[in-house]
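Undergrad: Next up is a structure, given as structure tokens.
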Ligand SMILES: Cc1ncc(C[n+]2csc(CCOP(=O)(O)OP(=O)(O)O)c2C)c(N)n1
Ligand code: SF4
Ligand SMILES: [Mg+2]
């Protein structure tokens, strides 16, 4: 019997939004996977990007704003048989969810994190996000950061992420390659996806990204951490896209004594007397 297909529902996004290319590409990539929709969980927080899981036929979980990663990590730890993919925004991932971003990277739980980075808070109509351009480095003051901009790739590599990539919603072929590689990576995988918000970000437009994005050279060595840190600092007239850093390292499940026997937590027998002893210890 053939595998059931992942399909899309109608969305509430603005015509021309970069999210359309992302959801179409993601649906295509999911249809290439061996896994059927009931073994895939799409997780989001709050925002335009975070609605992605509501528009694809798979399991979905919508958390609070900034709380997509703890939910995704908990789902994966509870049931290692599931493929867990986060789709959420730059504000959700790096602003309100910034602390979760740092500390879930360190755990190397086997989840995939697609950040729809429109460099703005889209859903709440155009406030600057951590990744908005710095005001003194842009000719358009809307939106921009008075302070420093957040560099997600640099921070992810420094925090110990084992897969760090960037792509652009305007290049679906490249995006599909990055998504596939990220989902197949064992461990935490980040893809920061440049995604124009046509309604509220008049600075970082499709043309702005198109002019700047540049695939990494063929000879680029994604296993060289120092080179990757240096590459991650390039974000201006040229914006490198591709896998900036990749390493093979044990996942959280491979190291945790309750998880490395490959029996998902949800399938383990619970010894009633152990549970009772635990409850008794609090009485
Ligand atoms: C705890 C909490 N704080 C703030 C908000 C308001 N809020 C909803 S979405 C959002 C920003 C979304 O920006 P981003 O994550 O970049 O997603 P986008 O809409 O740009 O895709 C904010 C501040 C909220 N819903 N909950
Ligand atoms: S507000 Fe921006 S991010 Fe949200 S749907 Fe419209 S174009 Fe897309
Ligand atoms: Mg955003």
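The values are calculated or read from the model by the stated rules, or taken from the named source; none is laboratory data. Predicted, not measured: the structure shown is a model, and the values here were computed from it. Quick reminder, even Gly has a Cβ in these numbers, built from the backbone with ideal geometry, and neighbours come from all protein chains shown.
Undergrad: Among (1) more than 24 Å from residue 125 (Cβ to Cβ); (2) surrounded by 24 or more Cβ atoms within 10 Å (Cβ to Cβ), where does residue 18 come up short?
TA: Unmet condition: (1).
Undergrad: Ok, one more. Of the residues 99, 104, 108, which is crowded, with 21+ Cβ neighbours inside 10 Å and either under 30 Å from residue 200 (Cβ atoms) or within 16 Å of ligand 3 (Cβ to nearest atom) (or both)?
TA: 104
Undergrad: Check whether at least one residue in the stretch 27-36 is over 16 Å from residue 161 (Cβ atoms), under 16 Å from the mean Cα position of the chain (by Cα) and either within 16 Å of ligand 1 (Cβ to nearest atom) or assigned to a strand (DSSP E or B) (or both), and report yes or no.
TA: No.
Undergrad: Select the strands (runs of 3 or more DSSP E) contained entirely in the stretch 184-283, then report the ones holding at least 2 residues which are at pLDDT 95 or above and surrounded by fewer than 16 Cβ atoms within 10 Å (Cβ to Cβ).
TA: It comes to 213-215.
Undergrad: For the subset of the stretch 70-100 comprising residues that are within 10 Å of the chain's Cα centre (by Cα) and farther than 18 Å from residue 180 by Cα, which member is nearest to ligand 1 (Cβ to nearest atom)?
TA: 89
Undergrad: Just checking: which of the helices (runs of 4 or more DSSP H) contained wholly in the stretch 67-169 hold 1 or more residues that are modelled with pLDDT of 95 or more and more than 24 Å from residue 236 (Cβ to Cβ)?
TA: Output list reads 68-78, 98-107.
Undergrad: May I ask you to list pairs of residues, at least six apart or on different chains, whose Cβ atoms are under 8 Å apart, with the first in the stretch 77-104 being free of Cβ contacts under 8 Å to residues at least 24 places away in the same chain and on the phi > 0 side of the Ramachandran plot and the second being assigned to a helix (DSSP H, G or I) and more than 10 Å from ligand 1 (Cβ to nearest atom)?
TA: none
Undergrad: Sort out which residues of the stretch 73-95 are within 16 Å of ligand 3 (Cβ to nearest atom) and buried (at least 21 other Cβ atoms within 10 Å of the Cβ), and write them in order of number.
TA: Across the stretch 73-95, the qualifying residues are 86, 87, 88, 89, 90, 91, 92, 93, 94.
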